[in-house]
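Novice: Here it is, the structure, as structure tokens.
The values are calculated or read from the model by the stated rules, or taken from the named source; none is laboratory data. Small disclaimer: the values here were computed from a predicted structure and weren't measured. Reconstructed Cβ throughout: ideal geometry from the backbone, glycine too, with neighbour counts over all protein chains shown. These accessible areas exclude ligands, DNA and RNA; they are computed on the full protein's heavy atoms, side chains included. Shrake-Rupley method; radii C 1.70, N 1.55, O 1.52, S 1.80 Å.
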Amino acid sequence: MPVPYRIDCPYCGEIIELLLDDSVADQCYIEDCVVCCRPIALAVAFDADGVPRVQAAREDDT
């Protein structure tokens, strides 16, 4: 079941909602901002209780 999670876009600053896949413990991927369409590098990890930790960065900063 996808887990909703909100972040601030590192480019435009708008709050966007992500749907995180909790079936994979640690993951890194690129997702485009739905507002400015720029690529966001995401690092997602879930702890033992299923709480997500998300790091979002500009793709050109990685």
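Novice: Please work out the average accessible area per residue across the chain, using the 1.4 Å probe convention, and give it in Å².
Specialist: 68
Novice: Please compute the length gained on full extension between E14 and A48, using 0.36 nm multiplied by the number of residues separating them and subtracting their Cα-Cα distance.
Specialist: Details: separation 34, 0.36 × 34 = 12.24 nm, distance 2.98 nm.
The E14-A48 span can extend by a further 9.3 nm.
Novice: Charges only on Cβ, +1 for Lys and Arg, -1 for Asp and Glu: so what's the dipole of the chain about the Cα centre, in debye to the nearest 20?
Specialist: In total the dipole reaches around 100 debye.
Novice: Counting only protein heavy atoms and a 1.4 Å probe, tell me what percentage of the chain's accessible area is made up of carbon and sulfur.
Specialist: Answer for the chain is 50 percent, counting heavy atoms of protein chains only.
Novice: Starting from the Cα gyration tensor of the chain, take the square roots of the eigenvalues, sort them a ≥ b ≥ c, and report rounded, prolate or oblate (rounded when a/c is under 1.5, otherwise prolate if a/b is larger than b/c, else oblate).
Specialist: Verdict is prolate for the chain.
Novice: Can you give me the relative contact order of the range 3-49 as a percent, contacts being Cα pairs under 8 Å and 6 or more apart?
Specialist: 31
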